[in-house]
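Quick note: the coordinates plus some simple rules give every number you see, no bench work behind them. These numbers come from a predicted model, not from an experiment. Positions of Cβ are backbone-derived with ideal geometry, glycine not excepted, and every protein chain shown enters the neighbour counts.
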Amino acid sequence: MKKTIITILMVLVACTFVFADKEPAVEYKDINFAFQPTLSRYDAMGQSGLASTTRMDSFYTNPSINGFKGGFAIRVVDVSATFYNIQKLVSDKEAMANFNALIKGDSQAAVPFATKYLENLGSGRNMIAKFDLGVGLKIGILGFGTNVQVKLHALNKGTSVASQSIIPEVNVAQTVALGLKFLDSDVLSLSAGVSVHGVYKAYFKGIGGNKIISMVSGESDPQKTLLWDTPVMGGYALPVDVGVTIGLVKDQLTISATVNNLNGKYKMKSYSGAGYLVNSFSEGAIKVPEDVPEKKDSTDFELETPWTLNFGVAFAPDISVIQPVVTADLIDMYQLVKSFNKDTFRASDLLLHLNLGAELGLLNIVKVRAGVNRGFMSVGAGIWLPFAQIDASYGWQEFGVELGDKPVDALTVKVTLGYDK
Amino acid sequence: MKKILFGLLVVALLLCVTACSEDQYAKLGELMGKMSGNVYGIKPNMQDVDAANEKVEDTVKTDKSGKVTVEIKSEDAKAIVDSVIAVQDSTTKTEALQESLNEPIIKDATPEQKTALRDGLKEQAEDCRIDTSGYTGARLEIAKAVNQAIDAVADGISADPTKGELATVAVLKTLADAVVGGVEYADAGLAAVSALKITTDVGKIDVFANADISALIGKLTGKDIARDDDDPGIKDYLPIMSKSATEVIKCITNSEKKFDEAKYARFILECNAIKASYEMIARSYDISFTERLDKQTINGKGLVIEELGRYVIAAVFTELDRISKAGEAIWKSIDPTAPVNNLMTFIGTYVDANYDNLTDLADNYDKLDDPTKVSSESYPALQSAVAALAFGIGDDPTAIGYDFSRLLDSFKKALKDSGSLQPTAIAAFQVTGVILLDSEYTSLLSLGDMDGTLAGLLKKISE
């Protein structure tokens, strides 16, 4: 009878399949792939402070500050690490017991810890971690920055850890910024700036249960799987940030407007694996093993990342001992204006575009920060020595469709060697 | 220099997090959690939820005399499905809609109105039946599955119908319309599944939630990648099964922890609708049973692996109930010694006797290793419940686990011998293949000694 059933099944539904000869483009509409390096101060202040950003951060937020503040700044190197979804882990005694065991070298704790972490990621999009490495130089009106950023996105189209997939993204960016101060008086000043980022972006097709099972069960070699059998999308764009800043009352009150990520359309290609992507730059850079799946032709596609229109106000009275700064930003105003005509628009939605922040600096060395990002709180602190800074921030942000759907917390630590006062 | 900086950063982070005891972590976590609230106090915009409710309510009319009529036209059914799906990306909206769909269609309805609603919905469901004359092949099979679901739904409408039941009838109407219209089955099936995940309790069951995936993979591959203190064996599977068992039990019991016939009827109604929807999706594709599944391609629709668990629950209960209702003789004809003939009676007796143990199983299963952790009175019941969930590992003929084991043996025998179950088995494997392929979980078929094909899976199951 067993054979009969099998035979029936074969006869009824056996068929042939045509293999695609091109590597299909993989796009994730839920993920915003716009490039921006980690800005710990900005995050701690509720993702606000467009009008009072530091010189080096201005390259990536408001390039007019580059002209507004003038002077010299250098980042010999900065390194930052951001970890997401910390609170759920820290609250879970079992997870932390596994974490402690892992730190002490008990490798068996890795799987239950990782499983717990993945469970906490939930449905929809999320982030696991973000790592940044950067150098930069600002001389007068010109600024240069080089950044490498690795992001680990998570996307779950289902509801359990079984459908969770991890999407690594790598950005390599070279930035050139120009800022000019056209008008400079005690009453009024006017600055404008522009920065152009040459960004090469690559992201993997989601690494999910299928691949992990293959690797764990020994059916596939992890290195081969990731290098030669996990499709990667790679491409470039030249996004542009533009900003204008008006300074009032000896520049203690500043008002800025920025348009960020203009021209954020990436020309992308699909590759059958990261190894093939590397070899597309330099043929033979990595030797292709014989027993890997055959390379497919690339598919060209465009990856659109959204541009934003933002406004910022900052008040920084000249009190040298505590150096207070209060900021308020109206973010993504174009989307807000577009939503005016929708039936679903409510006046309270205006608040969802309002980020607030504050900073106090003790003798210009110790900084304490707090902010509100779309209603979610953030805090942070920094130690700013003449040639080194350490900044940390912790805060929440909304990753869901609606407010309250999926608040996610993030902890960032950033170490900078350089001068940017 | 960069390496040193990065190393310092990692060390600093580790020092921060390892300097605390687990209790201190918990307090820190509590503090961090207090920051998670939204200080603006803005409530999510629920207009989509209101719109979905209105679409459901618009199909019910009450005249001046209080007489109630129900009419779900094709366009109404589609509008209901579309409006329900519109909220699916938002957890907050989905939960709000689910809550409102659990309410009766008319609050505080009179007995006459309740009867009119039940009869009206039953009539609307029956009107969806597809005339299969002239149908052949996949269209005939899917029409039969939809008709089977329609019959079950018509039979299962409760005495005081909820908005969710009306929405489920609307979903089935969209399926029937798709079959009659010959439109793209996969799209209609996917829309139906998306809506049913919100409108039904069965749709919310997630077999893989809280599953100990690492233990499961270790078990399936024969490689112990779990911790040493995780005793391999049936316990590896219990966190998966017990959670789902609890959810199923809650679907069919009332607030007094007793089996509820009306809720059971609704449960079966929902299982039928879900099963038909998945089979409609799968009928759009040809899956080779003998070729490795990872070598095949289909035009992916974004199914996820959780769908498999949901489908299996829906299919198993649908078929068990169907062959149970088709005539008590079925069980007896296959296995004259079968302990129970009527599924509902069996489940009712079983659940009433074991409610607490079954619903607490996820928390209690680890106590099985040490009887001293459980009172002497409740230990045998807990053991039986575990045995039952473990598909009859008990040898004691007086234990209910033994009965359950024989019930399953009967079902397996029926699968092999009953002609009526073979089309179901084919459909089930078709759905399994499509879900594994679409969710990119084909490597499950290569675990252990399986060969990556559906035929290999069937062989494994037959063994």
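A few remarks follow.
- Between the Cα long axis of helix A:2-13 and the first principal axis of chain A there is an angle of about 60°, rounded to the nearest 10.
- Per-peptide average of other Cβ atoms within 10 Å, ordering B:96-103, A:58-65 highest first: A:58-65, B:96-103
- For region A:307-365, chymotrypsin sites (Phe, Trp or Tyr not before Pro) are listed when DSSP marks them as loop and at most 15 other Cβ atoms sit within 10 Å of their Cβ; the list is A:Phe340, A:Phe345.
- Residue of A:Gly70, A:Gly284, A:Gly400 that the Gaussian network model of chain A assigns the largest fluctuation, springs spanning Cα pairs under 10 Å: A:Gly284
- With neighbour counts taken as other beta-carbon atoms within 10 Å, the residues B:Glu279, A:Glu27 rank, fewest first, as A:Glu27, B:Glu279.
- Debye log10 I(q)/I(0) at q = 0.13 Å⁻¹ for region A:265-421, Cα point scatterers: -0.89
- Selected from A:Val372, A:Val187, A:Val244 as most flexible by GNM, with chain A as the system and alpha-carbon contacts under 10 Å: A:Val187
- Listed residues A:Ser48, A:Ser123, A:Ser80, most fluctuating in chain A (Gaussian network, C-alpha, under 10 Å): A:Ser123
- Counting Cβ atoms of other protein chains within 10 Å of each Cβ in A:83-92 and taking the mean gives 5.
- Take each residue in A:154-167, count the other chain C-beta atoms within 10 Å of its C-beta, and the mean is 5.
- Which listed pairs, of A:Lys151/B:Lys27; A:Lys151/A:Lys181; A:Lys205/A:Lys265, have C-alpha distances above 24 Å, in listed order: A:Lys151/B:Lys27; A:Lys151/A:Lys181
- Which listed pairs, of A:Lys88/B:Lys34; A:Lys157/B:Lys55; A:Lys269/A:Lys295; B:Lys275/B:Lys295; B:Lys67/B:Lys107; A:Lys69/A:Lys250, have C-alpha distances above 19 Å, in listed order: A:Lys157/B:Lys55; B:Lys275/B:Lys295
- Fewest neighbouring Cβ atoms within 10 Å first, the residues A:Leu39, B:Leu140 line up as B:Leu140, A:Leu39.
- With Cα atoms as the point set, region A:93-204 shows a radius of gyration and Dmax of 21.8, 65 Å.
- Two-decimal log10 I(q)/I(0) for region A:204-271, as the Debye equation yields it once each C-alpha is a single scatterer, q = 0.11 Å⁻¹: -0.55
- When the trypsin sites (Lys or Arg not before Pro) in region A:77-176 are filtered for DSSP coil states and for at most 15 other beta-carbon atoms within 10 Å of their beta-carbon, the remaining sites are A:Lys104.
- Computed with the Debye formula from one identical point scatterer per Cα of region A:215-328, without solvent, the log10 of I(q)/I(0) at q = 0.09, 0.16, 0.22 Å⁻¹ comes to -0.52, -0.81, -1.14.
- Cubic angstrom per residue, convex hull over Cα atoms of chain A: 199 Å³
- For the residues of B:21-32, the average number of beta carbons from a partner chain within 10 Å of their own beta carbon is 5.
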